[in-house]
1. Where the Cα atoms of the range B:58-128 are projected onto their three principal axes, how long is each span, largest first, in whole Å?
2. Taking all protein chains in place and a 1.4 Å probe, what share, in percent, of the accessible surface of chain B do carbon and sulfur account for?
3. Quick one: dipole size for chain A, taken about the Cα centre, charges +1 on Lys/Arg Cβ and -1 on Asp/Glu Cβ, in debye to the nearest 20.
4. So for B:ARG93, A:ARG37, A:ARG73, B:ARG117, what's the accessible-area order with a 1.4 Å probe, most first?
5. Can you tell me the accessible area per residue over the range B:1-75, all protein chains present, probe 1.4 angstrom, in square angstrom?
6. Which lysines does A:LYS81 reach when only Cα atoms under 28 Å apart count, and residues fewer than 8 places away in its own chain are ignored?
7. Can you give me the relative contact order of chain A as a percent, contacts being Cα pairs under 8 Å and 6 or more apart?
8. What are the residues of the range B:92-128 that lose 40 Å² or more of accessible area, with a 1.4 Å probe, going from their chain alone to all protein chains?
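The values are calculated or read from the model by the stated rules, or taken from the named source; none is laboratory data. It should be emphasised that the depicted structure is a prediction, and the values quoted were computed from it without experimental measurement. When we count neighbours, we look across all protein chains shown, and the Cβ atoms used for this are built from the backbone with ideal geometry, even at glycine. These area figures cover heavy atoms from the full protein model, side chains too; ligands, DNA and RNA do not enter into them. Shrake-Rupley method; radii C 1.70, N 1.55, O 1.52, S 1.80 Å.
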Number of protein chains: 2
Amino acid sequence: MNIGAAARASGVSERMIRHYEQIGLIPPAARRDSGYRDYSDADVHRLHFIANARDLGFGIEEIGSLLALWSDRNRASGEVKALALARAEELGRKARALEGMRTTLLDLARNCAGGERPDCPILDRLEE
Amino acid sequence: MNIGAAARASGVSERMIRHYEQIGLIPPAARRDSGYRDYSDADVHRLHFIANARDLGFGIEEIGSLLALWSDRNRASGEVKALALARAEELGRKARALEGMRTTLLDLARNCAGGERPDCPILDRLEE
DNA sequence: TCTGCACCTTGACACCATGTCAGGGTCAAG
DNA sequence: CTTGACCCTGACATGGTGTCAAGGTGCAGA
């Protein structure tokens, strides 16, 4: 399978497939005589796994660990669970931070008349 | 005031002060004969404004708009309010996305025994 | 005056994940 | 053989920030 087909089948863009290969997240693809990369169903399966992990907010390094655990039949699921929980906590921290900013902005906007008048507590707040 | 003192007083790192100057977010700093940048209290004030806006999640371009509105005495506060509300909505979207990922991860982790056993729905889910 | 240290300058490279473009080669169908 | 779709590599961009290197400046103390 050429890289374009692998990209469509896995949900990972051609660009990122080449990138993941370059940084060593996935092993170098097989090559045809032409130099074209050639992907097996197993390769696509792995790419799909990566796409899902990215959708869950895992970073490249964590995905590397997950891939290792995934392909290890004797893995201990505790490690996977720990990674997932750490990721969940990190996501929670970020979500709370964003929510805090959002609340602050909405509070400020509520006290801002809008329209043509120059008065605006939003800018005042930024000056503090 | 040298750049180091301005950085400490404003909460913007030296690195970012130079960066903001380079990308035109702030005007080029005055220079001493030595070539050292020289900052006034007004400059520091503006940097502080930028630091606060960054803390609220505004991007560089939006901060440029806010700076223009800030220094415009005849500004209409409606524009500022619109920027703040747009930012709040964007932050809300991101926060909800993160929260969704977090919930998914926690659900998966709850069904993962952990410990030494290899069974793990987290990895199964990533395979789907 | 010399020395040393803290500070400043510019430029470059790094991260993370991704897009896009250019300049070339390959393949398959018409 | 031509055409168009596909592939290759390499480079540059984004955003916001860190860090490092090689060199100049400023000031205080011996």
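1. Each principal axis gives a Cα extent; for the range B:58-128 these are 67, 21, 18 Å.
2. On the way: 3360 of 7040 Å².
Here it works out to 48 percent.
3. In total the dipole reaches around 440 debye.
4. Details: B:ARG93 120, A:ARG37 50, A:ARG73 210, B:ARG117 140 Å².
Of B:ARG93, A:ARG37, A:ARG73, B:ARG117, the descending order of accessible area is A:ARG73, B:ARG117, B:ARG93, A:ARG37.
5. On the way: 4250 Å² over 75 residues.
Here the per-residue accessible area is 57 Å².
6. The qualifying lysines are A:LYS94, B:LYS94.
7. Numbers: 74 pairs, mean separation 21.2, N = 128.
Reported as a whole number, the value is 17 percent.
8. B:ALA95, B:LEU98, B:MET101, B:ARG102, B:LEU105, B:ALA109, B:PRO118, B:ILE122, B:LEU123, B:LEU126, B:GLU127
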